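Enquirer: Here's a structure for you.
The values are calculated or read from the model by the stated rules, or taken from the named source; none is laboratory data. Only a predicted model underlies this, so the values are computations on that prediction, with no experimental measurement involved. Cβ: placed from backbone, ideal geometry, glycine included. Neighbour counts: every protein chain shown. SASA here: full protein model, heavy atoms, side chains in, ligands and nucleic acids out. Shrake-Rupley method; radii C 1.70, N 1.55, O 1.52, S 1.80 Å.
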Amino acid sequence: MSNSQLPTGAWETVTQNSQIIDAALRRPEIMKFNALLVVSVLLALGGLFALPGVRQAAGLGLDGSWQLAVIHAELALAPLLYLPVVGERRSALNNLLGGASCWAAGGAVVLLFGFAGGAGWSTRALSACVWLAVSGVLAMGARRDAAMVQRGRVLLLALLALPALWHYLLLEYAGATGAHLRAISPNWGLATNQPALWPLLLIGTLCWVGAFALPTRRTT
Amino acid sequence: MKWLLLMVLLGAPLAAQSFDEARSRFLSAPHGRTGTWAPYRVELTGLEGLDTVTVRSVATGVALEKQVAAGGLSRATVVVPVFVHDSARLQVGDTIIRPELPTRRVEPDYARAYTAVFSTDPMYARGVLPSTPTGAICDYYALDEFFGDWRLLDGYDAVVVFNPTDLRLPAGSQRAIADFCSLGGVVLIAGSFRFGESGVNVPAPAEPTLPVFRGVQALRYGYGAGAIYRFGFNELRDSPSAHLVLGDALHDHMWFAANRAPAGTPESRIPPTRAPHPSPLPRQAAAPAPLFWGLAGALLLVCGLAPVIAGRVTRRVEVGHLALILACLGIGGGGLAQELPLPVLEVSAIVHAGEGEPASARLYVQVDDTWGDLLTVSLDDDTTRDLPRHVGVQPGRRAWAIDRPLTSGHAGGKPASLRQGQVGELSFRDFATQAHRGGNAYSGGEAYLLDWWLEQNAYRGRGALLTPGQSLDRGFALSNTSVIWRGAIRVTTIRE
């Protein structure tokens, strides 16, 4: 359905909603409780993984696998939980520190689940690289507008979360392997004990340079 | 500069401690029983300026440590047990050597006892008890170097002592002989039986018997699964076939008083290929402690309040973020201080008994590989004479068989008698199957021990009383583990 086929007034409603979201995302207050959001979600998921039914379905135990599940959740949900402030160049520093505080808060939750044993401490570097890449991509989008932030989220999910699916589809339909995509998928890398930090570090650094370097877009 | 000079002066002798590899060797060479510990003479050099030095004998999964007093000398000699295996290493300071292994491998054999012969005159001993292709396999030592620790006798089936001159055995030998016999070894003594110490607290042997071997009378003391045979030195010397007399005495013990060797392979301390471990228990379920709830609550509070408070104090949002990062790092650090669930150490035991009060135990121990992989035993610790060796086990776990001499246990059930491969009315395999099904007193972990022991030993010529539900007088523990006993059985050897 093209824009011209929308019912009367619908396009205006969509435009108004986008403007409201854009305006909301331009307020620095939205990032105020981002770390609280990360902590709440991860603690809730940690509690969920302890439920016998969930544990049985996911093949988890009340041991190191419990913490590992929280780590996987932390890595997978980073693109969804991070809320950058849309705006000018000066908001970029705020976004960078916001990303760092989310990483620290998520890391604190992971280390709290260390009572069950596991490798939480050794995954902190991977987690830092994921948060760097995620916050970098979204912060660069935030220099433009809220729509670019949402596109950035889709891009990150496709890039970080779906390589295992691409691999499967390649195997199934093209008879080729996509195992080399493991380098950009932190969850896949963690699951196979072969996490690669450098692609995430590269993406994060380039995006942050871009976020600080992009000229501010003047709108009327 | 002064400190640097001092450090160099102090460091120089420390760095120099080493082995004299040309003079260090297995005392049993060229013989050696693979999978057991054998006596190894270590020549240490470069000890100037040191009071003591620690020698470590390392094999797969096990390290034995011995302190050696240097006393200002530049060289020292010590005899330590070294594992006869490719994995054996000796370490002093930063120096590690790989001992040259004995070339002749001695397998357990009912007909050929592997024997350590101690004598005031080794040449005479070689004449009386020669090492022959069909008889005993002997290593010869001087009597004054008798080992004061049974762990140096680990590989041997028998010990023969020729002592015509009333020489006192060195200190520690009484305990070593008692330990060795309780583990199923046999000691033959020709001549005097005097120890270099008194007041050693070891259990008394059983009442003596008076067997006669080819016209030579002996005094036999049953000692748990082992025994001590004593001959008069002159009677043995006057016998026309002294070596056959000693051979008969060895067979009398090893063949359980029967006139021919039992079928199968004799029990030895070589680690089994398949150990009698029950299926491993799952790891201990972790549960959050009050510290977890406290830190989680603090984290939620900090994440909720820090931005608000920072916003009241300053208009700069970055300050709130920085405060939050620091607080989260602190709480995460607190999370690291939580106690981890301890790895579960599973222990099973087979208590070996025979005549009299003495008994010994072989503990089968397995633990999660998160615990570590090296079991360290101090050879200078008088409170324990345990000797571990690594046993193969499924991936992700570590396992050892630990021989413990002179232990005792308390029977927890009615014994079953094994004779001619039958336990009561049942064949030994049916009896083991019945145990696995919970049909007799050997339930749970004991069924694995029973099944394993019967498969190894229920051959012609072996009789035993099998008692379930043993509890040892002394438990077994490793640091930072949670111990769970999986079961124990007592095997009391029956002689024909």
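Enquirer: Only one residue in B:Phe162, B:Phe147 is buried (at least 16 other Cβ atoms within 10 Å of the Cβ) and either free of Cβ contacts under 8 Å to residues at least 60 places away in the same chain or outside any strand (DSSP E or B) (or both). Which one?
Expert: B:Phe147
Enquirer: Regarding B:Gly330, is this residue part of a helix (DSSP H, G or I) and either among the acidic types (Asp, Glu) or facing chain A (nearest Cβ under 8 Å) (or both)?
Expert: No, not satisfied.
Enquirer: For the range A:81-96, enumerate the residues that are assigned to a helix (DSSP H, G or I) and open to solvent by less than 30 Å² (accessible area, probe 1.4 Å).
Expert: Passing the criteria: A:Leu81, A:Ser91, A:Ala92, A:Asn94, A:Asn95.
Enquirer: Of these, B:Gly224, B:Gly199, which one is free of Cβ contacts under 8 Å to residues at least 24 places away in the same chain and either on the phi > 0 side of the Ramachandran plot or aromatic (Phe, Trp, Tyr) (or both)?
Expert: Answer to the selection: B:Gly199.
Enquirer: B:Thr115 fails exactly one of the following numbered conditions: (1) in a loop (DSSP other than H, G, I, E, B); (2) assigned by TED's automatic domain parsing to the domain that holds B:Ile189. What is the number of that condition?
Expert: Result: B:Thr115 fails condition (1) only.
Enquirer: Against the definition (more than 18 Å from A:Pro186 (Cβ to Cβ), of a type in the set (Ser, Thr, Tyr), touching a Leu at 6+ places or on another chain (Cβ under 8 Å) and open to solvent by 20 Å² or more (accessible area, probe 1.4 Å)), how does A:Ser101 come out, yes or no?
Expert: Criteria not met by A:Ser101.
Enquirer: Within the range A:188-207, which residues are part of a helix (DSSP H, G or I), open to solvent by less than 80 Å² (accessible area, probe 1.4 Å) and within 30 Å of A:Gly118 (Cβ to Cβ)?
Expert: Hits for the range A:188-207 are A:Trp188, A:Gly189, A:Leu190, A:Ala191, A:Pro199, A:Leu200, A:Ile203, A:Gly204, A:Thr205.
Enquirer: Of all residues in the range B:336-367 being in a loop (DSSP other than H, G, I, E, B) and of a type in the set (Asp, Glu), which is nearest to B:Leu466 (Cα to Cα)?
Expert: So the residue we want is B:Glu357.
Enquirer: How many residues are open to solvent by 30 Å² or more (accessible area, probe 1.4 Å), within 7 Å of chain A (Cβ to nearest Cβ) and in contact (Cβ under 8 Å) with a residue 12 or more places away in the chain if we restrict to the range B:311-327?
Expert: 0
Enquirer: Then there's this: Taking the options A:Val109, A:Val70, name whichever one is more than 8 Å from every other protein chain (Cβ to nearest Cβ) and among the β-branched types (Val, Ile, Thr).
Expert: Just a single option satisfies the conditions, and that option is A:Val70.
Enquirer: For the range B:454-477, does any single residue satisfy the condition of being part of a loop (DSSP other than H, G, I, E, B), modelled with pLDDT of 85 or more and crowded, with 20+ Cβ neighbours inside 10 Å?
Expert: Yes.
Enquirer: Right, something else. Determine which member of the set B:Thr383, B:Thr376, B:Thr370 is in a strand (DSSP E or B), open to solvent by 30 Å² or more (accessible area, probe 1.4 Å) and among the polar types (S, T, N, Q).
Expert: Being in a strand (DSSP E or B), open to solvent by 30 Å² or more (accessible area, probe 1.4 Å) and among the polar types (S, T, N, Q) holds for just one of B:Thr383, B:Thr376, B:Thr370, which is B:Thr376.
The rows are residues; the columns are (1) closer than 21 Å to A:Gly107 by Cβ; (2) modelled with pLDDT of 90 or more; (3) of a type in the set (D, E, K, R).
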| residue | (1), (2), (3) |
| --- | --- |
| A:Leu132 | yes, yes, no |
| A:Ala183 | no, no, no |
| A:Asn187 | yes, yes, no |
| A:Val209 | no, yes, no |
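Enquirer: Which is closer than 29 Å to B:Arg398 by Cα, open to solvent by 10 Å² or more (accessible area, probe 1.4 Å), touching a residue at least 24 places away in the same chain (Cβ under 8 Å) and assigned to a loop (DSSP other than H, G, I, E, B), of B:Ser87, B:Ser74?
Expert: Exactly one of B:Ser87, B:Ser74 is closer than 29 Å to B:Arg398 by Cα, open to solvent by 10 Å² or more (accessible area, probe 1.4 Å), touching a residue at least 24 places away in the same chain (Cβ under 8 Å) and assigned to a loop (DSSP other than H, G, I, E, B), namely B:Ser87.
Enquirer: Restricting attention to the range B:165-202, and to residues there that are assigned to a loop (DSSP other than H, G, I, E, B) and under 15 Å from B:Arg385 (Cα atoms), which single residue is nearest to the chain's Cα centre (by Cα)?
Expert: Of everything passing the filter in the range B:165-202, B:Leu183 is nearest to the chain's Cα centre (by Cα).
Enquirer: Another question about this same structure. Quick one: count up the residues across the range B:215-242 that are among the charged types (D, E, K, R) and modelled with pLDDT of 90 or more.
Expert: Summing the residues that are among the charged types (D, E, K, R) and modelled with pLDDT of 90 or more in the range B:215-242 gives 2.
Enquirer: Still on this structure, please answer the following. Is there any pair linking a residue in the range B:20-41 that is among the basic types (Lys, Arg) to one that is buried (at least 23 other Cβ atoms within 10 Å of the Cβ) and assigned to a loop (DSSP other than H, G, I, E, B), with Cβ under 7 Å and at least six apart or on different chains, and which?
Expert: Pairs found: B:Arg33/B:Val84; B:Arg33/B:Val106; B:Arg33/B:Gly155.
Enquirer: Give the residue that is nearest to A:Arg90 (Cα to Cα), with candidates limited to residues of the range B:285-310 that are assigned to a helix (DSSP H, G or I) and within 7 Å of chain A (Cβ to nearest Cβ).
Expert: Ranking the qualifying residues of the range B:285-310, first place goes to B:Pro307.
Enquirer: Which condition number in (1) open to solvent by 10 Å² or more (accessible area, probe 1.4 Å); (2) away from chain B (no Cβ under 14 Å); (3) farther than 17 Å from A:Val38 by Cβ; (4) not aromatic (Phe, Trp, Tyr) is the one that A:Ser185 fails?
Expert: Answer for A:Ser185: the failing condition is (1).
Enquirer: Which residues, taken from the range B:273-297, are of a type outside the set (S, T, N, Q) and surrounded by 16 or more Cβ atoms within 10 Å (Cβ to Cβ)?
Expert: Correct list: B:Ala275, B:Pro276, B:His277, B:Pro278, B:Pro280, B:Arg283, B:Ala286, B:Pro288, B:Phe292, B:Leu295, B:Ala296.
Enquirer: Taking B:Ser28, is it under 25 Å from the mean Cα position of the chain (by Cα), surrounded by 16 or more Cβ atoms within 10 Å (Cβ to Cβ) and part of a loop (DSSP other than H, G, I, E, B)?
Expert: yes
Enquirer: Need pairs with beta-carbon distance below 7 Å; first residue within 12 Å of chain B (Cβ to nearest Cβ) and open to solvent by 10 Å² or more (accessible area, probe 1.4 Å) and within the range A:112-132, second of a type in the set (Ser, Thr, Tyr) and in a helix (DSSP H, G or I); sequence gap 6+ or separate chains.
Expert: Listed pairs, sorted by first residue: none to list.
For (1) closer than 24 Å to B:Gly184 by Cβ; (2) surrounded by fewer than 17 Cβ atoms within 10 Å (Cβ to Cβ); (3) not acidic (Asp, Glu), each residue gets a yes or a no:
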{"site": "B:Leu426", "(1), (2), (3)": "no, yes, yes"}
{"site": "B:Asp430", "(1), (2), (3)": "no, yes, no"}
{"site": "B:Thr433", "(1), (2), (3)": "no, yes, yes"}
{"site": "B:Tyr448", "(1), (2), (3)": "yes, no, yes"}
{"site": "B:Arg486", "(1), (2), (3)": "yes, no, yes"}
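Enquirer: Moving on to the next point. If you check every pair at least six apart or on different chains, which have Cβ atoms under 9 Å apart with a residue in the range A:24-41 that is more than 8 Å from every other protein chain (Cβ to nearest Cβ) and closer than 18 Å to B:Leu300 by Cα first and a residue that is modelled with pLDDT under 70 and part of a helix (DSSP H, G or I) second?
Expert: A:Ile30/A:Ala24
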